[in-house]
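Below is one structure, written out as structure tokens; comments come after it.
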Amino acid sequence: MDPKLPFGLRISDPRYVNVESVPTGAKCGCLCPACNGPLVAKNAGRQKISHFAHKADCVGALETVLNETAKQIVRELGFV
């Protein structure tokens, strides 16, 4: 089973955001930080777990997005 991608890089501000905070589908306006490819938000309640999906295959997306999201949180809390 593929691990689900809970965060994506929103193009408009660039900020890492949770899948629940963006519109459903390609309208989410998010990219994968690992491959820079467009993401699709799967958060309409039809999936058991909301997540982002790639339009193309990508290796290492989950590790990259968790690492980059953690860095964003540390910066926002003023530890850096």
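Before moving on, here are some points about what is shown:
- Scanning region 1-42 for residues that are of a type outside the set (Lys, Arg) and over 22 Å from residue 70 (Cα atoms), we see that the one that is farthest from the chain's Cα centre (by Cα) is 1.
- Applying the set (1) without any contact (Cβ under 8 Å) to a residue 40 or more places away in the chain; (2) under 11 Å from the mean Cα position of the chain (by Cα) to residue 68 leaves exactly one unmet item: (1).
- Per-region count, region 1-14, residues surrounded by 15 or more Cβ atoms within 10 Å (Cβ to Cβ) and either part of a strand (DSSP E or B) or among the polar types (S, T, N, Q) (or both): 5
- Residue count, region 22-80 (criterion: surrounded by 12 or more Cβ atoms within 10 Å (Cβ to Cβ), touching a Ser or Thr at 6+ places or on another chain (Cβ under 7 Å) and in a loop (DSSP other than H, G, I, E, B)): 4
Since every read-out is calculated from the coordinates, none of them should be taken as a lab result. Keep in mind it's a predicted model, so treat the numbers as computed, not measured. Please note: Cβ atoms are built from the backbone with ideal geometry, for glycine as well, and neighbour counts cover all protein chains shown.
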